[in-house]
Amino acid sequence: MKIKWKYLVGICSMFLGLSFSLGQCYELVWSDEFNHEGLPDSARWSYDVGGGGWGNNELQYYTYKRTENARIENGKLIIEARNETYLGSNYTSARLVSKYKGDWLYGSIEVRAKLPGGVGTWAAIWMLPTDWAYGSWPKSGEIDIMEHVGYDEGNIHGTIHTEAYNHTLGTQKGGSLMVSDAIDTFHVYKAKWTPEKIEFYVDDTKYFTFNNEHTGYTTWPFDKRFHLILNLAVGGNWGGAQGVDPAAFPARMEIDYVRIYQLSENLVIHGPEKAYPLQDSLHFFLYHDEGASYSWSLSGDGDILTPADSNEVYVRWSCSADTVLCHVITGCGEYHLRLPLQIDEYNITAPFFVDSQQDSVLLIAPPIQGATYNWLVPAGVTIIGDANNDSLYVQWSNESGTVTLEMSNTCGNFNITRKMRLYGQYAYPDPDNPHLIPGTFNATEFDYGGEGIGYHDNEADNQGSGPRQDEGVDTEYSDNGGANVGWIMAGEWLEYTIHVLEDNIYQAGIRVASNTSSRGPLRILINGENRIPDITVPFTGSWSTFTTMVVSDIPLYTTDTLIRLFAAGGGFNLGNVTIDTFIASSNVSFSNKKLMIYPNPASDLIYIDSEQPILKIIFTDISGRVFHSLMPEKNTIFATIDISRYKSGIYIMHIQTIDQQKHIIKIVHQ
């Protein structure tokens, strides 16, 4: 059916303002009712993956898309910890995250769950910052809505962590409530978060309130968006404080629903932001509120294909930009919601790469009712079957080339092209545009080409939940929410096609993280040449605590086309790589051929890692006044400087090594 309905923006604003003025009313803005079978909904949840203790000496390996550890059955999400050997760990479990799929600033976060018992279980419903605006943990905050350890059955904990209040200092703020049937009965675990406070509930019982002291981010970093995490750990500093009983496993946390409520101003239509002309079956929805009524319409000439009085509709688009409208009446008020859509270009769906003489290559055009199609292919490519349908099979030739489709429909005449490339090594993400030097690329943007061409990884599958899941490189989102390559092992490598703008001596700022004493070195090869010494990777304290080390004196020429990052030894993660003629060391860790200093900026400890034994260390302010002087023991190549007692500001570190080299580095104390 077709419905046309146009409202003035002013009327929309009037209704929204009215509903807000009626009181602090909360609407359902995000939910998962777990009403299907199988894996969790990938539109709502991603996975944190891996072992290594997760900073708490935990025993489990968090797996990726493995139904033994995370599945939906009988309307419940099951997160199950199992006693089994898996990738070097003796236990497995799952950790689901809503990051980039559900991120909120303020609201009522509600999870109805039944908790596991058993000595060694550690169940958690909690939140972390999405953007880490104030720095790494705990500076950007943590909200623990519910934690429960199996040896203390029924004792529910709600806690916050900030730079000023956290468990590493013994200053964390939190409360607890005894819920005697927590492992037998479902309860609602809730945090109600406003600009002024965070309140913690079990069902309707409030047991802890954390107030905004208005003293800055060190006590209140909770003015940025956060995302939800659901996980079941095994052992760890808290969960394993009284040991782990192997007989307690498998253990599982069951979740009936997750519901996020926010003030009515956050109520929005969910759906695509672009549509190609005459695109069919576009899906738009609001999260279902049983007490609400809905009335959908379009401002233009598209068609609504399903009943317009539910919380979701399917639409056939028109020829031009349009707006989806929904008139919603809830217990809070009445809203006129709008979602404008822009017109997208037609595209041909086809393999990104083809083999020489590959047979039955499938090309697919948008299926438009009543449209005409005429396919044109390069010389040497053979069309198999009819060239006048919305799909086409071809036998490819011995060269790369471009396919053209001439398509006509009621919206007009269109010429659509698709470049087809023979398998080989190409820059990612755009094969026609290598990474510019000077410039920045992410470690996950290694070249197309696959195993042995664009990269080498010791395992066939991506062990993480980051980008490029179809490749074997292990990726994740651990650098303050940014993508990175993880689980790097000795012998693995990544290659990047580059375009150097001018001959020069460059520096590289490389984002790294490591939580092991056995790490690196990292080797940079340029056009296959080893132009600089291997680089020692710093210890950063955890796999998700990244620092930028600066590597100096890298000669690059306009004839250079390829950089390989080679792990001569493993045990570190890689994030962004910046290559420029100068990288300000005041914002990063410092590393040259012989000396490494990290972290920088620093708040307490600074580590010095030297190839040559250190003779003397002097720590001064910018006027030259000496604050600290140290002569390490003979043949010491590693030193630690405690600057926590000094005021914040800029300092200078002077280091002399046994080879009579003097190093002067600016240090930022924050």
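Some notes on this structure:
- Of the numbered criteria (1) in contact with a helix residue (DSSP H, G or I) (Cβ under 9 Å, 6 or more places away or on another chain); (2) at pLDDT 95 or above, the one THR497 fails is (1).
- Scanning the range 211-233 for residues that are free of Cβ contacts under 8 Å to residues at least 60 places away in the same chain and either closer than 28 Å to SER93 by Cβ or of a type in the set (Ser, Thr, Tyr) (or both) yields THR215, THR219.
- Residues (within 25 Å of ASP534 (Cα to Cα) and in a strand (DSSP E or B)) located in the range 617-654: ILE617, PHE638, ALA639, THR640, MET653, HIS654
- Candidates SER318, SER299 - the one that is in contact with a strand residue (DSSP E or B) (Cβ under 6 Å, 6 or more places away or on another chain) and surrounded by 13 or more Cβ atoms within 10 Å (Cβ to Cβ): SER299
- In the range 321-367, of all residues being in contact (Cβ under 8 Å) with a residue 60 or more places away in the chain and of a type in the set (Ser, Thr, Tyr), the one that is surrounded by the fewest Cβ atoms within 10 Å (Cβ to Cβ) corresponds to SER356.
- Comparison of PHE566, PHE572, PHE619, PHE638 shows that the only residue that is of a type in the set (A, V, I, L, M, F, W, C), loosely packed, with under 15 Cβ neighbours inside 10 Å and at pLDDT 75 or above is PHE638.
- Where a residue in the range 427-441 is closer than 15 Å to ASN576 by Cβ and its partner, wherever it lies, is modelled with pLDDT under 90 and polar (S, T, N, Q), with Cβ under 7 Å and at least six apart: PRO438/THR581
- Among the conditions (1) under 27 Å from LYS99 (Cα atoms); (2) of a type in the set (Gly, Ala, Ser); (3) not in a strand (DSSP E or B), ALA483 misses just one, which is (3).
- All of ILE524, ILE554 fail the test of being in a strand (DSSP E or B), among the hydrophobic types (A, V, I, L, M, F, W, C), touching a residue at least 40 places away in the same chain (Cβ under 8 Å) and touching an Asp or Glu at 6+ places or on another chain (Cβ under 9 Å), apart from ILE524.
Table: residues versus (1) out of contact with any Ser or Thr (no Cβ under 8 Å at 6 or more places or on another chain); (2) of a type outside the set (Phe, Trp, Tyr).
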residue: ASP430; (1), (2): yes, yes
residue: PHE446; (1), (2): yes, no
residue: GLY454; (1), (2): yes, yes
residue: GLU459; (1), (2): yes, yes
residue: GLY466; (1), (2): no, yes
residue: VAL473; (1), (2): no, yes
residue: GLU476; (1), (2): no, yes
residue: GLY481; (1), (2): no, yes
residue: VAL485; (1), (2): no, yes
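- Filtered residue count, the range 68-87, keeping only those that are farther than 22 Å from THR185 by Cβ and over 22 Å from the mean Cα position of the chain (by Cα): 7
- Any hit, the range 332-345, residues being in a loop (DSSP other than H, G, I, E, B) and within 32 Å of the chain's Cα centre (by Cα): yes
- Strands (runs of 3 or more DSSP E) within the range 268-325 that include 1 or more residues more than 31 Å from the chain's Cα centre (by Cα) and outside the structural domain of ALA365 (by TED's automatic domain parsing): 293-298, 312-316
- Residue selected from the range 136-176 under the condition free of Cβ contacts under 8 Å to residues at least 12 places away in the same chain and more than 20 Å from GLU254 (Cβ to Cβ), by the criterion nearest to the chain's Cα centre (by Cα): HIS167
- Within the range 403-424, the residues that satisfy the criterion of being in a loop (DSSP other than H, G, I, E, B) and surrounded by fewer than 16 Cβ atoms within 10 Å (Cβ to Cβ) are THR410, GLY424.
- Residue within the range 65-84 that is surrounded by fewer than 18 Cβ atoms within 10 Å (Cβ to Cβ) and in a strand (DSSP E or B) present: yes
- Being at pLDDT 95 or above and farther than 24 Å from ALA568 by Cα holds for only one residue in ASN480, ASN433, ASN413, and it is ASN413.
- Per this entry, LEU128 is not counted among residues that are in contact with a Pro (Cβ under 8 Å, 6 or more places away or on another chain), in a strand (DSSP E or B) and in contact (Cβ under 8 Å) with a residue 24 or more places away in the chain.
- Selection status of TYR477, within 13 Å of the chain's Cα centre (by Cα) and in contact (Cβ under 8 Å) with a residue 60 or more places away in the chain: yes
- GLY170 vs. criteria farther than 26 Å from ASP41 by Cα, not in a loop (DSSP other than H, G, I, E, B) and not acidic (Asp, Glu): no
- Candidate set: the range 500-550, residues that are of a type in the set (Phe, Trp, Tyr) and within 27 Å of the chain's Cα centre (by Cα); chosen: the one modelled with the lowest pLDDT: TRP543
- Given (1) under 28 Å from GLY449 (Cβ atoms); (2) of a type in the set (A, V, I, L, M, F, W, C); (3) free of Cβ contacts under 8 Å to residues at least 24 places away in the same chain; (4) touching a strand residue (DSSP E or B) at 6+ places or on another chain (Cβ under 6 Å), index of the condition ALA387 fails: (1)
- Per-region count, the range 434-459, residues acidic (Asp, Glu) and within 19 Å of the chain's Cα centre (by Cα): 1
- Test result for LEU605, under 31 Å from the mean Cα position of the chain (by Cα), surrounded by fewer than 15 Cβ atoms within 10 Å (Cβ to Cβ) and either farther than 28 Å from THR444 by Cα or modelled with pLDDT of 80 or more (or both): yes
- Strands (runs of 3 or more DSSP E) contained in the range 173-248 and holding at least 3 residues assigned by TED's automatic domain parsing to the domain that holds GLN60 and over 25 Å from LYS101 (Cα atoms): 173-178, 205-211
The values are calculated or read from the model by the stated rules, or taken from the named source; none is laboratory data. For clarity, every value in this text was computed on a predicted model and none was experimentally measured. Ideal geometry is used to build each Cβ from the backbone, glycine not excepted, and the neighbour counts take in all protein chains shown.
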